[in-house]
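Engineer: Before I ask anything, let me first share the structure, which is written out below as structure tokens.
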């Protein structure tokens, strides 16, 4: 019988977990948008002790079992605290009564966060991109001080070769497409190696790791960054390329705006432009394996019904072939 990762995480379990660390809910829960973990906004009981000094609600994040070790989660929390202490606008976990930021209840590990709202950033506005670039530059200036010791790196092994092997060994690629998919992935990984070869040795630093528009919320005071769950060691361009879209000219304009802000706080090595499309290619391969690893979680077939269909794999082959061509093109130019 398949053990579902969150089968026992009932509303009562969520509220009891919060009770166990002194945050007493009034019974109201709202599931927030998250597939990797389970995240809830929990309204607090106004009659609880010290309620005058507490917010009306908090966000409780329950980590997916068996994904990260405790040490890796605490390293994520430590990075967020390090950034928050110098007033970089990130949402760090709250300290619990025992002084830690990570708790456990009924087999689930969880953390509690202040609720911070906001809207999606307007990435078509160059001034918005420049503002975001300044904060990414500040994050990277801190991230460059020392690497993560527990969390993995973004590289060809973890984002390309291992995901490829997982998909093949677990039978996700349709039999009639295995040959085409395998040869296309191999060509893509060869392209990635060539890109890294052209770039030479680039600096690796602590990153947000998943810095797309959905993890940046815009409020009255500008942007703040959420969800450091995927923070890893890697090249700086990893936290910049996912904010780019459109044709080549559009991406060059957007990247130039990001870097105008970024380089106010952190130097950018232009050699990293050679690996921008390589990182995009690795993410495409890694994303397929991410969906495959989660396919027994009932939330995934419901949210991604198109995954693992014949059409899905045909589209991924075409997508990677486009990336193979893109990786052989000259890198983006910046102002």
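The values are calculated or read from the model by the stated rules, or taken from the named source; none is laboratory data. As the structure is a prediction and not an experimental result, all values here were calculated from the model. Heads up, the Cβs are rebuilt from the backbone with ideal geometry, glycines too, and the neighbour counts pull from every protein chain shown.
Engineer: Going by what's in this entry, would residue 154 be described as in contact with a strand residue (DSSP E or B) (Cβ under 7 Å, 6 or more places away or on another chain) and outside the structural domain of residue 72 (by TED's automatic domain parsing)?
Structural biologist: Yes.
Engineer: Can you tell me which condition residue 143 does not meet? The list is (1) closer than 23 Å to residue 232 by Cα; (2) touching a helix residue (DSSP H, G or I) at 6+ places or on another chain (Cβ under 7 Å); (3) buried (at least 21 other Cβ atoms within 10 Å of the Cβ), and all the others hold.
Structural biologist: (2)
Engineer: Picking from 5, 89, which residue would you name as being farther than 26 Å from residue 294 by Cβ and not assigned by TED's automatic domain parsing to the domain that holds residue 211?
Structural biologist: Only one candidate qualifies: 89.
Engineer: Take region 13-32 and flag every residue that is touching a helix residue (DSSP H, G or I) at 6+ places or on another chain (Cβ under 8 Å) and part of a loop (DSSP other than H, G, I, E, B).
Structural biologist: 24
Engineer: It is to be established whether one or more residues within region 237-248 are in a loop (DSSP other than H, G, I, E, B) and in contact with a helix residue (DSSP H, G or I) (Cβ under 6 Å, 6 or more places away or on another chain).
Structural biologist: Yes, because at least one residue in region 237-248 is in a loop (DSSP other than H, G, I, E, B) and in contact with a helix residue (DSSP H, G or I) (Cβ under 6 Å, 6 or more places away or on another chain).
Engineer: Across region 33-57, which residue is modelled with the lowest pLDDT among those that are part of a loop (DSSP other than H, G, I, E, B), under 23 Å from residue 100 (Cβ atoms) and under 23 Å from the mean Cα position of the chain (by Cα)?
Structural biologist: Taking the candidates together, the pick is 34.
Engineer: Follow-up. Suppose we filter 124, 46, 114 for residues that are surrounded by fewer than 15 Cβ atoms within 10 Å (Cβ to Cβ), without any contact (Cβ under 8 Å) to a residue 12 or more places away in the chain and farther than 26 Å from residue 291 by Cα; which single one remains?
Structural biologist: 124
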